[in-house]
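The values are calculated or read from the model by the stated rules, or taken from the named source; none is laboratory data. Fair warning: this is a prediction, and the values are worked out from it, not measured in the lab. Here the Cβ positions follow ideal geometry from the backbone for every residue, glycine too, while neighbour counts run over all protein chains shown. For accessibility, only protein heavy atoms count, side chains too; no ligands or nucleic acids. Shrake-Rupley method; radii C 1.70, N 1.55, O 1.52, S 1.80 Å.
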Amino acid sequence: MRRLLLLASLLLFTVGCGVVESSEDKATDAAREVAKKAGERLYDRRPRTAEEVGRSASGIEGVEVLRVTGTSTHDGDGVDVVVRTYGAAYNRWSDLEEVAVRRCFAVRVSTKWQSRGDLRDVDCPDGAPLAFAPPPEPPRLPYEALRVKLPRVPEGGRVDEAEVRRRLAGLDLDPAIRTEVEADGGRVGVLLSVKGNRFDAQDCVLARVVPGATEVWVPPRIQRMPGEGGCTIANALDPLPPPH
């Protein structure tokens, strides 16, 4: 019995001296871990705007976005996002119920590798979590309308570049769709594309009008990757061979 009393006294002394981490500290560590994992998910080598980063952070479970500063992930020090996360802990020796905390952390998001895991404890800003509008949907490229609209030139005929341009103007394309037309050696090539992000496959539609044939196609995904030359007017005039 005396030994049990001594052990209990020693345990109380140890807890009182702060050797054993408090439940609040453990709960804070849990909240910090949520913020750390959020920062790892947000890291990306793709250039993104501050709004894009904030929108991505707000979609992570257990994360509230309270502040976003900076312009883009590839400018200066990148983007700082202040997030609020939740953590909980329970110590059956000292707690009557679970201890829960909400803590704020600044997560730096940059295309620089050394920024990965950059996390700082900060005071929570006043105000409600930020709300972000969904990203605008890119315009759909009018594959079928282009196929119907382009002229068909009979064998032995001559392709009129001006006529091709006139037909394209009649499509009333979204301003976000980039249009290129080029004539070469009796052929006319057409490229319709939307702006890519330099990392993912770009959206584009190609067409070629030659005597006896009018072709419209979407290049294979591998050819639409950055640097592969699929979404170019040159590929419309002289199509790349299919990938193996």
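One table, with the values for the structure above:
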| quantity | calculated |
| --- | --- |
| Of all residues making up region 136-192, the number that are surrounded by 13 or more Cβ atoms within 10 Å (Cβ to Cβ), free of Cβ contacts under 8 Å to residues at least 40 places away in the same chain, basic (Lys, Arg) and not in a strand (DSSP E or B) | 3 |
| Test: Pro219 is without any contact (Cβ under 8 Å) to a residue 24 or more places away in the chain, within 18 Å of Leu150 (Cβ to Cβ) and in contact with a helix residue (DSSP H, G or I) (Cβ under 7 Å, 6 or more places away or on another chain) | yes |
| Near pairs, Cβ below 7 angstrom, 6+ apart or cross-chain, from region 30-57 (closer than 24 Å to Ala133 by Cβ) to any residue that is assigned to a loop (DSSP other than H, G, I, E, B) and among the β-branched types (Val, Ile, Thr) | Ala38/Ile60; Arg41/Ile60; Pro47/Thr73; Pro47/Thr111; Arg48/Thr73; Ala50/Thr71; Val53/Thr73 |
| Selection status of Val53, touching a Leu at 6+ places or on another chain (Cβ under 8 Å) and assigned to a helix (DSSP H, G or I) | yes |
| Members of region 61-104 found to be in a loop (DSSP other than H, G, I, E, B), more than 24 Å from Ala131 (Cβ to Cβ) and open to solvent by less than 50 Å² (accessible area, probe 1.4 Å), listed by number | Asn91, Asp95 |
| Filter result for the condition that a residue is within 14 Å of Ala236 (Cβ to Cβ), more than 23 Å from the chain's Cα centre (by Cα) and among the basic types (Lys, Arg), over Arg158, Arg167, Arg187 | Arg187 |
| Conditions (1) within 30 Å of Thr111 (Cβ to Cβ); (2) open to solvent by 40 Å² or more (accessible area, probe 1.4 Å): number failed by Gln223 | (2) |
